[in-house]
Amino acid sequence: MTLYLYRLNIILPEADKDALNALMTAIGEEGDSEAASFGIPLSATGQEPATHRGASGSITEEMQVLIMDIFVAEFANCTIEIWPHYMNNWTEFLAATGLKVIEPKDI
Amino acid sequence: MLNKIGIIPLGQSRRRAAFSPLSLSPVLWLNFSDISTLFTDSAGTIPVTADGDVIGYAADKSGNGNHATQATTLNKPLWKAAIQNGLGAGLWDGSNDYLLMPRVLAQADTSYTQVLVAKLQSPFSALRLVFQQVPTAQSSGAPFSHSIQLTTTPLFRADTFPPSGGTFNSATVSTGTRLASYIQGGTSQEWRVDGASSSTGSGGETYSGVTAINQAVLGVYLNMDNLPPTTVFPYAGHICEFLVFSESLDAGQLEQLETYLNDKWNIY
């Protein structure tokens, strides 16, 4: 059975991005950098500037405990959902927050 | 001719010499059904062993060392068992999953072939990036090259370098597992879907800016306007296998490769 038992959906204020990216390096699997954890740019209108950042992905039991029970104060400004790992509901989670991804009109 | 027990005699069988994509000298070959090439960490030391494991490293089977990696846990695609014909595949979640590789095609290369086996999910409500090459350095204007995009309709489209006005070549596809091949031979373009030609066209400008395109991305549009880069237009669905060739394969080579992949994945 996989060790990655949970799906984490998370949205954080843009101002907290650097600190929480650094914190994720301590929370994440040993040996891997997590400095780019929060790369989805978000705002209420879907236009620049980004007011929030988001991420969604699978995490281990240990990471889940660290995020939900240990670093409570550090994640206090975040909107967080934890789901079983087989869930893939980022789109629904994002829609419920009222935020939109900032995307170029086309490429 | 059948023998008395209804079996094709060995001497007259339809046996063929085993084909390997390596005979066509790919510059990149990622096979997400081969779990021995997949690891959960980006250093390639912890093997993927179970359904739902993250993919932090996918070894390049071409022999060119263009291994695909992802060092950020939340950005790692997942390995899922028994996705197509009993084989496993990578799952991109449509939020921020991607793998990074060294650049596999030269910046000015207009003769190349990309072959993708993917299980496409609906809805196709937005542009999705399957593959692109981008700078590693912060670069305003977000230059990129050699992309494969999945857009609404749905359809695949490819372009060597859209920002300079390159010409899209598109092919309509439907959901489910698809074998898609894009062949760019100079200014000649062709999409093949499920073993048949889907569309042809002409065009194919190359990136001529000053920014060096020196990494490849599988599964998202990596916007290098700022560092760390933002991730937008994320692909949602399974990627089963992906090959890149630094030449336009001819009809015979494509038939060999597509037959091999279809026999393996049972697509059409």
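The values are calculated or read from the model by the stated rules, or taken from the named source; none is laboratory data. Remember, it's a predicted structure, so these values are computed and weren't measured experimentally. Using ideal geometry, Cβ is built from the backbone for each residue, glycine included, and neighbour counts are taken over all protein chains shown. We work out accessible area using only protein heavy atoms, side chains counted, and drop any ligands, DNA or RNA first. Shrake-Rupley method; radii C 1.70, N 1.55, O 1.52, S 1.80 Å.
Using a Förster distance of 56 angstrom, determine the FRET efficiency expected from the C-beta separation of B:Thr259 and A:Glu14, and round it to 0.05. Plugging the Cβ-Cβ distance into 1/(1 + (r/R0)^6) gives 0.65. Hull volume per residue, based on the alpha-carbon atoms of region B:22-68 and their convex hull, is 63 Å³. Peptide B:34-41 shows a mean partner chain C-beta count of 1 within 10 Å per residue C-beta. Estimated purely from DSSP H runs of n ≥ 4, each contributing -39500 (n - 2.57), the mean residue ellipticity at 222 nm for chain B is -2000 deg cm²/dmol once divided by its residues. Using a simple spin-label model with pseudo-atoms 7 Å out from Cα toward Cβ, A:Met68 and A:Lys100 lie 3.3 nm apart.
Inverting the pair-averaged 1/r between distinct Cα atoms of region B:212-268 gives 14.5 Å as its Kirkwood hydrodynamic radius.
Subtracting the Cα-Cα distance of B:Asn85 and B:Ser125 from their residue separation scaled by 0.36 nm leaves 11.7 nm.
Largest accessible area first, the listed residues B:Ser111, B:Ser140, B:Ser23 line up as B:Ser140, B:Ser23, B:Ser111 when surface is computed with a 1.4 Å probe on the assembled protein chains. Annotation: amide H-H contacts under 5 Å for B:Ser62 (H modelled 1.01 Å from N, sequence separation of 5 or more, or interchain): B:Trp29. A dipole drawn for region A:8-101 from +1 and -1 charges on Cβ atoms has a positive end, and of A:Leu23, A:Gly39, A:Tyr86 the residue lying farthest that way is A:Gly39.
Each other residue within a Cβ distance under 11 Å of A:Arg53 adds +1 if Lys or Arg and -1 if Asp or Glu, for a net charge of -2.
On the accessible surface of region A:50-107, probed at 1.4 Å, how many percent belong to carbon and sulfur atoms? Mind dumping the intermediate values first?
Details: 1720 of 3120 Å².
Solvent-exposed carbon and sulfur of region A:50-107 make up 55 percent of the total.
On a per residue basis, the protein assembly as shown carries 40 Å² of accessible surface, using protein heavy atoms and a 1.4 Å probe.
Electrostatic tally near A:Arg7: other residues with Cβ closer than 9 Å to its Cβ, Lys and Arg +1, Asp and Glu -1, net -2.
Accessible area per residue (1.4 Å probe, heavy atoms of protein chains only) ranks B:Thr72, B:Thr45 as B:Thr45, B:Thr72, with the largest value leading.
Extents of chain B, taken as max minus min of Cα coordinates on every principal axis and listed largest first, are 72, 43, 35 Å. Computed from phi, the 3J(HN,Hα) profile of region B:228-233 under the Karplus parametrisation 6.51, -1.76, 1.60 (θ = phi - 60°) reads x, x, 8, 10, 9, 6 Hz, with x in place of Gly and Pro. P(r) for region A:8-101, from all Cα pairs and a bin width of 10 Å, is 16, 51, 30, 3 %, short bins first. Using heavy atoms of the protein chains and a probe of 1.4 Å, the accessible area assigned to A:Thr45 is about 90 Å². Largest mean-square fluctuation among A:Ile82, A:Ile59, A:Ile70, in a Gaussian network model of chain A whose springs join Cα atoms under 10 Å apart, belongs to A:Ile70.
Please give the net charge around B:Thr40, taking every other residue with its beta carbon less than 11 angstrom from that of B:Thr40, where Lys and Arg add +1 and Asp and Glu add -1.
Values: positive: B:Lys76; negative: A:Glu29, A:Asp32, B:Asp41, B:Asp53.
Cβ neighbours under 11 Å give a net charge of -3.
In terms of Cα atoms, the Rg and Dmax of the protein assembly as shown work out to 21.2, 78 Å.
B:Tyr268 sits with roughly 110 Å² accessible to a 1.4 Å probe, with DNA, RNA and ligands left out of the calculation. Overall, the ratio between the Cα radius of gyration of region B:171-268 and 2.2 N^0.38 Å, rounded to two decimals, is 1.26. Chains B and A together bury roughly 2600 Å² of accessible surface, counting both sides and using a 1.4 Å probe on protein heavy atoms.
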